[in-house]
Amino acid sequence: MLVIPRWKLWMILGICGLGIVFAAPNLLSPTRLEKMPGWLQNTINLGLELRGGSHLQLEVDLKTVAKEYLTNLLDETRASLRKQQIGYTGLLVDTKANGIPSLTFVLRNPDDADKATQALKSIDNGLAITIQDAKVTAVMNQQTLDQRNQSIIDQSIEVVRRRVDESGTKEPIIQRQGTDRIIVQLPGLDDPAEVKKLIGRTAKMTFRLVDSSVPPIMVSVGSPMPYTPAPLGSEYLEETRHDGQVRYLAVKKQVMVSGEALIDAQATFSHTGQPAVSLKFNSSGARKFADMSAQNIKKQFAIILDDKIISAPVFQDIIHDGNGQISGSFNVKEANDLALLLRAGALPAPLKVIEERTVGPSLGADSIRDGQVATVIAFILVSVFMFLCYSTFGVFADIALIFNLILLFAGLSLLQATLTLPGIAGIALTIGMAVDANVLIYERIKEEIRAGIRPLAAIEAGYRRAMTTIIDSNLTTLIGAVVLFEFGTGPIRGFAVTLALGILISLFTALSLTRLIITLWAKRQKLLTLPL
Amino acid sequence: MRRLHLVPYNTTINFMGFRYITFMIAAVIAVGSLGGLLTRGLNYGVDFRGGFILEVRMPDTPHVPDLRDRLSGLKIGEVAIQQFGTERDLIIKVERQEGNEDAQENAIEKIKTTLGAGVDYRKIDTVGPKVGSELVRNGLKAVAFALAAMLIYIALRFEWQFAICAILALGHDCIAILGLFSLFPFEFNETAIIAILITAGYSINDTIVIFDRIRENITKYKKLTLPELINKSLNETLSRTTLTATTTLLALLALYFFGGKVISTFSLPIIIGILIGSFSSICLAAPLLSYLRLSRYASAEKKTV
């Protein structure tokens, strides 16, 4: 009856042993931990609220990008419609209608509808075009939009990562959240202002032509630009020159090459030995840059970062291979600064900090200490209570409880789960609920004994009968945990992991471990009555 | 050695007998909670409305009313100050400032200047209005899905009648917990959702253990009427129900008294939730079953008549 096969015995002991081995690294000091073999270095990560640090949630402004994309099509649309002699009025990019940016114009002759559709399609195949009462509305179709958004988010994450690394923060966590969010976690940082400035610097870089039809406007430092209307299709942007002078240049609104195309920028020296900055573009950027330089040789262009001109060089040559060089009136330091500015990269879309949480190190330390104290007290209270209720069997349940905690820590370490404040509460709560399976079994055994069944048979029957209840109740909770993990975010997901792990472990300890202990114990006793 | 018996083993409490009283109690709890929710709403924290929270430890015991006056004088909107833990620990809550990021930063700077030097800033949270509401909404959605999945499982493993009673009991628990958050000064945030989850999970667990016994007894005692059967099952599982509730509450009480202020505020609603969950499993879910004709029971009844 009460027989446990040898292999099962070793498996149970093996799991418990592995639990101890994998939970142990959590007790080691960081320096000792480094000396351990790699597979033994997994520990539970402390969440930011426990170790102290800053948590930022950034929103990527995808709408602005979509709007810009369409704005860049305006000139081509204008040219194409004119070439095909399609009469139109009111060509503009509209953001008001239901929030989705669209390119709209009204046909003078409604019969041109098909021609206009063709013209737009040939400009950009990714447009979805609707025509209603001679009003043409073009939006980016869903697939194009999704693809673009995906790459924008990926690139934003990359840029943010580079900037955070630049700030020297240790072990930052940067990840995507939802459709348009990025989470940045900066452990150990108690004033994120610096990093925020670095990240939030909505550095958006574009290469555009300078409108040479109007002269630059010089202003003295600190004074605003006198009101001057810019030529159609251009705008005045500020440039602070190396000598500190501020001037405004009229720059064409159309973006010739966007900053994403820039792969690298380095401070270097020109062939005349002057400090210079070399630029390297990706293949599509190189092509565009070559066209731009060929059509505008000896003309001035502007590199614009955040609506400010950071450099306005002149195309001296046609730049064929995507390797350009800006040289001119700057010294080595200025060349370095410019290269860094270019390199730290353009964010493909503006970022906004929408959430910021900072926990100082003292609060985290207090929380950990309080959490530990509470967990230990919870353990003692439950252990004593179990002993009072079930005496020897209570002690068995307590041994199971200890292994429950060990295995929970081992599991969380292997998953490299992040321990948060509700997580600590979850662990303490596990202590209370983990004994449930044992309680169910013990109560059953008691019932069997009252029904007059002999001790050993009662144990066997108790286990068998409690089984369906235990399976049903735990499986239900497990299903809940899986669904929570699937649909939840952040702390709820973390809670779901702890919950699921807790259930599986308590199933193991109650059904295998205590059973093994009871079996081994029962074999050595002449059981006339059960100490239950 | 004498052992502790929380519940004597052969209780014959007539749960079905006073089911009208317990139904009344459940109704009062539910209606009261609903009333609270409709009239007072939930006490959404900064998490939901947007704004910022500073948790500070002052160098000396501050004079709170004086501090409140000085901070209100900053013209940064409504400022709430409360002592938290020791007398030197303050929580300062400020609503979201008009304008962009800089406006928020400015307000925080102003507060920092007013508080003066030597202050330990233990926590600073700034939340945009969209984030919090999204968190809570997504959280509630996840909870709803999880509960639905559990109920489907119950309907499959048991009979649909069991699932209906479980739904009613669970709905009662959720409303009661939400009511708790509306009637008492608990802040409703993402942690609150976890509190609801724990309560709901515990309650459904409890309910299933009782249902499981009823299912077993239906085939075992074919001569008992349904109310007698439910009563018997409740009494048989009563010892387990109380024991598990006790161990869980012991752990929670440890959290409440020793877990530090944050964990403590988190565990209080759960403590109440466990009590409500146990109550609803025993006094609501099981007795309600007697009103639905269980098919297996019906067939057993037919045979004996």
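Here, each number is a calculation from the coordinates, and none is a lab measurement. Nothing here was measured: the structure is a model prediction, and the numbers come from that model. Quick reminder, even Gly has a Cβ in these numbers, built from the backbone with ideal geometry, and neighbours come from all protein chains shown.
For the range B:51-127, the alpha carbon positions stretch 34, 22, 20 Å along the principal axes, listed from largest to smallest.
Within chain A, the whole DSSP H helices whose Cα atoms reach 15 Å or more along their own axis and whose mean Kyte-Doolittle score is at least 1.6 are A:421-434, A:490-508. Close amide-amide hydrogen proximity is noted between residue A:253 and A:234, A:235, each under 5 Å apart and 5 or more residues distant or on a separate chain (H modeled in the peptide plane; Pro and chain starts excluded). The reciprocal of the average 1/r between distinct C-alpha atoms defines the Kirkwood hydrodynamic radius, which for chain B equals 22.3 Å.
Over the Cα atoms of the range A:1-156, the radius of gyration divided by the Kirkwood radius equals 1.45; this is the Rg/Rh ratio.
Think of the range A:140-208 as a dipole: +1 on every Lys or Arg Cβ, -1 on every Asp or Glu Cβ, centred on the Cα centre; then among A:206, A:142, A:156, A:206 lies furthest on the positive end. Relative to the present Cα-Cα distance, how much length would full extension add between residue A:115 and residue A:91 at 0.36 nm per residue of separation? Length difference between fully extended and current span is 7.0 nm. Taking other C-beta atoms within 10 angstrom as a stand-in for reagent exposure, A:54, A:258, A:220 fall in the order A:220, A:258, A:54, fewest first. Can you list the lysines whose alpha carbon is less than 20 Å from that of residue A:446, not counting same-chain residues fewer than 8 positions off? Answer for residue A:446, where 20 Å is the Cα cut-off: A:523, A:526, B:220, B:232, listed by chain and number.
Per-residue 3J(HN,Hα) values for the range B:185-201, derived from phi via the Karplus relation 6.51 cos²θ - 1.76 cosθ + 1.60 with θ = phi - 60°, read x, 8, 7, 8, 9, 5, 4, 4, 5, 5, 4, 4, 4, 4, 4, 4, x Hz in sequence order (x marks Gly and Pro).
Return one number: the angle in degrees, 0 to 90 and rounded to the nearest 10, between the long axis of the Cα atoms of helix B:260-280 and the longest principal axis of the Cα atoms of chain B. So the helix axis and the longest Cα principal axis differ by about 20 degrees.
Against the main long axis of the alpha-carbon atoms of chain B, helix B:160-183 sits at an angle near 30°. Amide H contacts of residue A:212: none lie under 5 Å away among residues 5 or more positions distant or on a separate chain (H built 1.01 Å from N in the peptide plane; Pro and chain starts excluded). Calculated FRET efficiency, residue B:141 to residue A:26, Cβ-Cβ distance, R0 = 35 Å: about 0.55 to the nearest 0.05. When the pairs A:333/B:110; A:196/B:110; A:170/A:308; B:93/B:261 are compared against a 25 Å limit on Cα-Cα distance, A:333/B:110; A:170/A:308 fall above it. Neighbour counts of C-beta atoms inside 10 Å place B:109, B:216 in the sequence B:109, B:216, starting with the fewest. Tell me the net charge near residue B:147. Cut-off is 15 Å between Cβ atoms, residue B:147 excluded, with +1 for each Lys or Arg and -1 for each Asp or Glu. Once all neighbours under 15 Å are counted, the net charge is -2.
Each Cα pair of the protein assembly as shown feeds into the Kirkwood radius, which the Stokes-Einstein equation turns, at 10 °C and 1.306 mPa s, into a diffusion coefficient of 50 µm²/s. The residues A:196, A:8, A:83, when put in order of fewest to most other Cβ atoms within 10 Å, stand as A:83, A:8, A:196.
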